[in-house]
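J.: I have a structure I would like to understand better, so I am pasting it below and will then ask my questions one at a time.
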Amino acid sequence: MSLIRVLHAEILKLKRTLAFRMIFVAPLLVATLQFFAIWNQRRFSANFNLWETLPKGALSIWAVFMLPLLITLETALINGVEHGEKQWKQIFALPVPRHAVYTAKLLVAQALAAASTLILCALTVLAGLALARLRADLPNTSAISYVWILKYAAFVWLAAWLIISIHTWVSIRWPGFALALGAGIGGTFFAIFAASARMGKYYPWLLPVNVFTEGRFATALLMGAAGGVIAAVIGCVEFVRRDVV
Amino acid sequence: MQKHAIETRGLTRRFGAQLAVDDLNLLAPEAGVYGFLGPNGAGKTTTIRMLLGLIRPDAGEVRLFGAPLAAGHLSLMRMVGALVETPSLYPHLTGRENLEVARRLLGAPRKLIDDALGIVKLAQDADRRVREYSMGMRQRLGLALALLNKPRLLVLDEPTNGLDPAGIHEMRDLIRHLPAEFGATVFLSSHLLSEVEQIASHIGIIHQGRLLFQGTLAELQAQRREHLIIGANQPERAMRCLTAAGWGARRRDDGLLTVSAATRDAAARINSLLVNQGLEVFHIAMAQASLEDIFLTLTNGRSEARRAA
């Protein structure tokens, strides 16, 4: 019951915030980019398949770049509102269990990432339909791969749980935007170097995109989802024990 | 037997090597206003944070309405409303939405929002965003948040900080009426005795983490002693002469001296002493110590004792 009450309050706090607007802006950028990437091609080979190339391209860019940055921004924003005027002291003086507060913050970040990923799926389908109409020379445009899109969107989201948990903890633990953003930008930037390394298989910020890589799929999904739960529990325990000075 | 809203036993908290609160035994009776008084850095906010369970004591315990806080934090916090230092508000939401966030967290009925807005006289501005609020309006909204759940105990940490004189007057009026109108106990911290003495029925004076006085306002007033106020042309030299002659003297901000003596004979002897030393005495009068003097005597005495130790 407490968790539902806290979630209910968290939803109201999102009103008029950038956190809410960003779940539309980020996927729109990726879908637009993918649309123009295909639209600008001069000719297509006979085996070009729009509904393989477009969703995979959009979800890959989403997983390697935009989703980690979105998670960084969303967690910094939804937890930053509590640091701004030292709201933690007000919240903890209310009859609300601290673990419910932490869990609600984490669930909101997960829900925003899920909603934004779903919006990307919808925009990708719209982009594909528009391309099929605008480029009459596109071959293989009939069978829309809804199942593949939704399945891989879910995999990307599950593999991102670990970075959602890490960023939730960082942005709750330390006030100020700089550290939270620095951790996210740094994590995403080093993913470029980690991608080609053998250990890149275990690098948290690469887990979402690793679901598309053969031989890395199972590790990405298991480490992302299970690691996310473990990191969330550790973060929650630290949060519950902390003094509010 | 008198019931207590707040009772602390041996409450102690350190921050590194610094002892912020030292063996504190508070007793705040129910349905009164308890003024928790002390200079800045005395340990008031640390004490309040322990009363609310925001930080844990190193030793001792807090009891609210007779029940230990450590065992039943959540159920006890249902009876408590708090405003710690500056109000914690969401500037992008309206005043009403800020109260709605707290209402959802409390699981309280929606009607309480209008009640709280009415008490703090903020109903007209409730639908404006908080970022447009003045300091006084923010402070009143902070009080509305604390009052939202109709608490039995209201803990207010320096509630008039940053307010202009009109805002202070308004806030003081609001707080004064809370025990009578709502049966709530108010625990109010301040570094200004003049503020507390106008509202509080009971007073606790804390300095360097220790409780120096605790009792009713009347008990504190009973500690007033008569003393002499002396004006001399060289106050520093006059003070040295008086101290050398065994009179306890203290220099006031206005340049006059306060001497712990209260008889006509003492006044005459002090006058001759100073005149014989070549000083010109232009003022000599008997006066009763103000509460401010008692407060300063208590807190200065403690500081000097610490330095001597």
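J.: How many Cβ atoms of partner chains, on average, are near each residue of B:72-78 if near means within 10 Å of its Cβ?
T.: The mean count of partner-chain Cβ atoms within 10 Å per residue comes to 3.
J.: Extent of chain B along each principal axis, from alpha carbon coordinates, in Å, largest to smallest?
T.: For chain B, the Cα extents along the three principal axes come out at 77, 42, 39 Å.
J.: Please compute the average number of Cβ atoms from other chains found within 10 Å of each residue's Cβ in peptide A:71-84.
T.: Numbers: counts 0, 0, 0, 0, 0, 0, 0, 0, 0, 0, 4, 2, 0, 5.
Counting Cβ atoms of other protein chains within 10 Å of each residue's Cβ and averaging gives 1.
J.: With +1 on each Lys and Arg Cβ and -1 on each Asp and Glu Cβ, and nothing else charged, work out how big the dipole of region B:226-288 is about its Cα centre, in Debye to the nearest 20.
T.: The calculated dipole for region B:226-288 is roughly 140 debye.
J.: Which three semi-axes in whole Å describe the equivalent ellipsoid of region B:1-66, each the square root of 5 times a Cα gyration tensor eigenvalue, listed largest first?
T.: Each semi-axis is √(5λ); the values are 21, 13, 9 Å.
J.: Please report the base-10 log of the normalised intensity I(q)/I(0) for chain A, using a Debye sum with one equal scatterer per alpha carbon and no solvent, at each q in 0.13, 0.17 (1/Å).
T.: Summing over Cα pairs of chain A leads to -0.81, -1.22.
J.: Something else about it: Tell me the mean residue ellipticity at 222 nm calculated for the protein assembly as shown from its helices only (DSSP H runs of n ≥ 4, each -39500 (n - 2.57), averaged over every residue, nearest 500).
T.: After summing the helix terms and dividing by the residues of the protein assembly as shown, the value is -17000 deg cm²/dmol.
J.: Kindly express, to the nearest 10 degrees and within the range 0 to 90, the angle between helix B:291-308's C-alpha long axis and the longest C-alpha principal axis of chain B.
T.: Compared with the principal axis, the helix lies near 80 degrees.
J.: Continuing with this model, one more query. Is the shape of region B:124-163 rounded, prolate or oblate, going by the alpha carbon gyration tensor and its root eigenvalues a ≥ b ≥ c, with a/c under 1.5 for rounded and a/b larger than b/c for prolate?
T.: Since a/c reaches 1.5 but b/c is at least a/b, the shape of region B:124-163 is classed as oblate.
J.: Still on this structure, please answer the following. Region A:56-100 to region B:234-256: how many Å between their Cα centroids?
T.: So the separation of the two Cα centres works out to 62 Å.
J.: Rg to Rh ratio, the protein assembly as shown, alpha-carbon atoms and Kirkwood radius?
T.: 1.17
J.: Rounded to the nearest 0.05, what FRET efficiency do A:Ala111 and B:Gln198 have when you use their Cβ-Cβ distance and R0 = 35 Å?
T.: About 0.10, to the nearest 0.05.
J.: Something else about it: Order B:220-228, B:248-256, A:113-121 from most to least packed using the mean count of other Cβ atoms within 10 Å. All intermediate terms of the calculation are to be shown ahead of the outcome.
T.: Numbers: B:220-228: 16.4, B:248-256: 13.0, A:113-121: 21.2.
Sorting B:220-228, B:248-256, A:113-121 by mean packing, highest first, produces A:113-121, B:220-228, B:248-256.
J.: Mind pulling the angle between the C-alpha long axis of helix A:2-13 and the longest principal axis of chain A? Nearest 10 degrees, somewhere in 0 to 90.
T.: Once rounded, the angle reads 70 degrees.
J.: Dipole of chain A, Cα-centred, from +1 at each Lys and Arg C-beta and -1 at each Asp and Glu C-beta, to the nearest 20 debye?
T.: 160
J.: Compute log10 of I(q)/I(0) for region A:63-156 with the Debye formula, placing one identical point scatterer on every Cα and leaving out solvent, at q = 0.10, 0.21, 0.22 Å⁻¹, to two decimals.
T.: These q points yield log10 I(q)/I(0) values of -0.44, -1.06, -1.11.
J.: Taking every residue in B:98-105, how many Cβ atoms of other protein chains lie within 10 Å of its Cβ, on average?
T.: Rounded to a whole number, the mean comes out at 6.
Bear in mind that the values in this text are calculations on the coordinates, not laboratory data. Just so it is clear, the structure is predicted and the values come from calculations on it, not from any experiment. Neighbour counts run over all protein chains shown; Cβ positions are idealised from the backbone, glycine included.
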